[in-house]
1. If you check A192 against the conditions, is it assigned to a helix (DSSP H, G or I) and free of Cβ contacts under 8 Å to residues at least 40 places away in the same chain?
2. Scan region 1-43 for residues that are touching a Phe, Trp or Tyr at 6+ places or on another chain (Cβ under 6 Å) and farther than 14 Å from V78 by Cα and jot them down.
3. Looking at region 289-302, is at least one residue at pLDDT 80 or above and either under 30 Å from E113 (Cβ atoms) or open to solvent by less than 20 Å² (accessible area, probe 1.4 Å) (or both)?
4. Taking the conditions exactly as written (modelled with pLDDT of 85 or more and open to solvent by 40 Å² or more (accessible area, probe 1.4 Å)), does L132 satisfy them or not?
5. Do the conditions hold for R58, that is, is it open to solvent by 40 Å² or more (accessible area, probe 1.4 Å) and under 17 Å from L187 (Cβ atoms)?
6. Kindly indicate whether any position in region 71-85 is open to solvent by 60 Å² or more (accessible area, probe 1.4 Å) and at pLDDT below 90.
7. Is it fair to say Y36 is touching a residue at least 60 places away in the same chain (Cβ under 8 Å) and open to solvent by 40 Å² or more (accessible area, probe 1.4 Å)?
8. Would you mind stating whether A253 is closer than 17 Å to D32 by Cα and of a type outside the set (F, W, Y)?
Amino acid sequence: MEANSRWVAVTAVAPVAWGANYYVTHEFLPADRPLYGAALRALPAGLVLLALRRQRPRGAWWWRSAVLGLLNMSVFFVLVYTASQLLPTSVASTVMAVSPLTMMLIAWPLVSERPRPTQLACAVLGLGGVCLMLLTGVEGTSVPGVLASAAAMLVSAFGHVLTKRWNAGTDVLASTAWQLTAGGLFLLPVAAAVEGPPPALSAPALLAFGYVSLVATALAFVAWFTGLRHLSAGTVGLIGLLNPVTGVLLGTAVAGEVLTGRQLCGLVLALAGVVLGRPRREGPPPLPEENRRPSRRGSERRGRLLS
């Protein structure tokens, strides 16, 4: 129980940092440069983590890093940036709140984690709370924005579960660094070709990129992928509901927004989904298939002992 609480606390760092990221991006970063915005978010974070853990990919991790970097970093960052420009934050956050249910369903065939009825119920409860907090109407909603947000949710859910499947036995800090670096390197030439020269950044924008890259990306993804190693994908997905909760609380505390009674009820429901969905006890993650197979020598030795 104590170990689970520790890993839940570590994992919660990610959605809290991402919730604050909405405000920082909207207020301080250039709105018309999604490709450069995504590249400048991913590449510095990857290089910092590489400096901290100087390991190069080996074997299959060369192509795995490329695949995960493309899904979790390149495509996801661009889609989130685009959705945040086309949609009100409330609508974009509500679409992303479907992620816990999506992660549970994807984890079932990919990592053999069958969602428990309690987890599904808590995911629905949390989603209802997010809708109650954020949805204020349909005005300002664009179909391309909804599609971008939904695509970001699907890409991230699939990429995160795939990371859980492949990350067994691999250093989390190193694999996160490889993904971020690969994602940034994919984006840079595309950004140069599509958006031209890099944008000129003011001092506040540079500080904002420092937060986005180091805290909301490097630290957040290390915490998130660590949680995926020690907890089920369904549990991690439910913890992700703290993302819109953080956005609402930050808007109230920093932007001077008023927290209505309906939003307060939604906040309570979303937090209840996170707390009630936390399991009392989770076993260690399953070993990779090759580690579960008895070796030929071990089988022969057991055969001699039984004969």
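The values are calculated or read from the model by the stated rules, or taken from the named source; none is laboratory data. Not measured: the values here are computed from a predicted model. Every residue, glycine as well, gets a Cβ built from its backbone with ideal geometry; the counts of neighbours run over all protein chains shown. Side chains included, ligands, DNA and RNA excluded: accessible areas come from the protein's heavy atoms. Shrake-Rupley method; radii C 1.70, N 1.55, O 1.52, S 1.80 Å.
1. Spelling it out, A192 is indeed assigned to a helix (DSSP H, G or I) and free of Cβ contacts under 8 Å to residues at least 40 places away in the same chain.
2. A14, V24
3. no
4. Working: modelled with pLDDT of 85 or more: no; open to solvent by 40 Å² or more (accessible area, probe 1.4 Å): yes.
No.
5. Judged against the criteria, R58 is not a match.
6. yes
7. Details: touching a residue at least 60 places away in the same chain (Cβ under 8 Å): yes; open to solvent by 40 Å² or more (accessible area, probe 1.4 Å): no.
When the stated conditions are applied, Y36 does not pass them.
8. Working: closer than 17 Å to D32 by Cα: no; of a type outside the set (F, W, Y): yes.
No: the conditions fail for A253.
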